[in-house]
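The values are calculated or read from the model by the stated rules, or taken from the named source; none is laboratory data. The structure displayed is predicted, hence computed values, not measured ones. Don't worry about glycine lacking a Cβ; one is built from the backbone with ideal geometry, like all the others, and counts go over all protein chains shown. Just the protein is used for accessible areas: all its heavy atoms, side chains included, with ligands, DNA and RNA removed. Shrake-Rupley method; radii C 1.70, N 1.55, O 1.52, S 1.80 Å.
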Amino acid sequence: MKTGIRIIQIAFTYIGTVVGAGFATGQEIIQFFTRFGKWGALTILLATILFIWLGTKMMLLSRRISARSYEDLNKHLFGPKAGSVISIIMLLILIGVNSVMLAGAGSVFMEHLGMHYQTGLLITIIGTFFLLKHGMNAIMQLNSIVVPLMLSLSVVMILNTAKLPTADRFLSLPADSHWSVVWLSPIIYTAFNLVLAQAVLVPLGSKTESAAAVKWGGIAGGIGVGLMLLSAHIAISAHMPGIRQYEIPMGSIASHLGTAVHLIYVILIFLEIFSTFVADLYGVTLQLQQHLSVSPRLITASVLFICFLLSQIGFSSLLSVLYPLFGCLAIVWVVKLMLKSG
């Protein structure tokens with residue numbers, strides 16, 4: 001019974017970590033899958049297989065080497081020197097991405113809930129600080145609430161889509177991209193998400209006593225991510241090509257399901273941002289703890305303050321430099337993980 005609960009917690013944490021704001025809005029689905037038309041469902045199948053295989057392998061490997069943070073895993077994959085450099089790049093990327101997520105949380109409060117932008121930032125920061133006092137258990141409990149809600153909304157959307165005359169459009173949409181781009185896309189998508197997710201999946205695997213729980217939790221989590229990708233892809237495909245004009249395609253679809261469903265969707269977008277933000281901050285804190293002889297709470301507060309400042313001033317030029325570097329790193333990293341024994 002205890003192992004079963006742990007499997008579910010690991011699966012939900014895996015799903016909640018991967019399914020961030022970009023996924024929730026639908027933009028990632030279009031860019032990496034739906035724009036490839038009839039091949040979209042097959043590329044999602046490939047991504048699902050990679051999430052099951054590599055996500056599970058990452059957690060089991062972290063457990064085997066007793067990794068304290070993603071830095072330990074990177075050193076194991078690349079060696080001490082290269083692993084340290086990669087972890088520094090990871091740290092910069094995570095702080096940058098989390099600053100973007102924090103800004104997104106503020107925008108949700110301002111644009112959809114009629115509150116001040118700064119109020120959204122402060123609520124997110126304060127909630128994160130107090131949740132992280134309870135460590136990994138708090139992250140798993142948060143995802144145990146958020147992920148079932150996300151899965152429920154996915155079911156509602158797919159049932160509504162099934163009633164439309166365009167429900168099967170995902171099987172016939174044309175694709176104008178070369179086959180190499182089509183099949184590289186799910187690999188890039190998986191690599192990006194797993195490199196970011198290691199901030200929480202590494203300590204999650206390392207701190208779980210049961211190898212069986214890690215294994216089956218990873219498998220269930222990978223399947224869950226795949227099912228959510230597929231349901232969103234089918235729903236978006238049914239509204240193609242017109243849906244591409246919206247910044248938040250899934251929000252447009254949700255708005256057709258009534259005021260209550262749309263409000264639930266808006267709240268879920270915030271909760272998805274919040275759960276990913278909390279998980280990433282936890283991973284960053286663990287890494288910095290290995291180098292700084294100060295209180296974890298002080299580290300968390302400092303990183304939150306940096307994210308708060310960056311969310312005020314913007315840093316698109318920084319990310320434009322870091323993201324191409326991160327893209328190359330993600331591909332190399334995922335190949336290393338594939339080839340690593342154990």
Kindly evaluate Leu153 against the criterion of being at pLDDT below 85 and part of a loop (DSSP other than H, G, I, E, B). no
How many residues does the range 93-115 hold that are touching a Cys at 6+ places or on another chain (Cβ under 7 Å) and without any contact (Cβ under 8 Å) to a residue 24 or more places away in the chain? 0
So which of Lys81, Lys38, Lys57, Lys75 is among the basic types (Lys, Arg) and within 20 Å of the chain's Cα centre (by Cα)? Lys57
Of the residues in the range 128-140, those that are in contact (Cβ under 8 Å) with a residue 60 or more places away in the chain and either in contact with a His (Cβ under 7 Å, 6 or more places away or on another chain) or not aliphatic (A, V, I, L, M) (or both) come to Thr128, Phe129, Lys133, Gly135
If I ask for residues that are farther than 12 Å from Leu271 by Cα and either without any contact (Cβ under 8 Å) to a residue 60 or more places away in the chain or crowded, with 19+ Cβ neighbours inside 10 Å (or both), which ones from the range 142-153 would you list? Ser152, Leu153
Which is of a type outside the set (S, T, N, Q), in a helix (DSSP H, G or I) and more than 30 Å from Ile264 (Cβ to Cβ), of Leu121, Leu92? Leu92
Taking Ser172 as meeting all but one of (1) modelled with pLDDT under 85; (2) surrounded by 13 or more Cβ atoms within 10 Å (Cβ to Cβ); (3) hydroxyl-bearing (Ser, Thr, Tyr), write down the number of the exception. (2)
Given the structure, is Ala279 at pLDDT 85 or above, of a type in the set (A, V, I, L, M) and either closer than 19 Å to Val18 by Cβ or touching an Asp or Glu at 6+ places or on another chain (Cβ under 8 Å) (or both)? yes
Is it the case that Leu60 is assigned to a helix (DSSP H, G or I), without any contact (Cβ under 8 Å) to a residue 24 or more places away in the chain and under 24 Å from Leu337 (Cα atoms)? no
Determine whether the range 79-89 contains at least one residue that is among the hydroxyl-bearing types (Ser, Thr, Tyr) and open to solvent by 30 Å² or more (accessible area, probe 1.4 Å). yes
Which listed residue is over 18 Å from Leu54 (Cα atoms) and either under 21 Å from the mean Cα position of the chain (by Cα) or modelled with pLDDT of 90 or more (or both), from Ala232, Ala220: Ala232
Name the single residue, out of those in the range 296-314 being modelled with pLDDT under 85 and either surrounded by fewer than 16 Cβ atoms within 10 Å (Cβ to Cβ) or polar (S, T, N, Q) (or both), that is farthest from Thr17 (Cα to Cα). Ile313
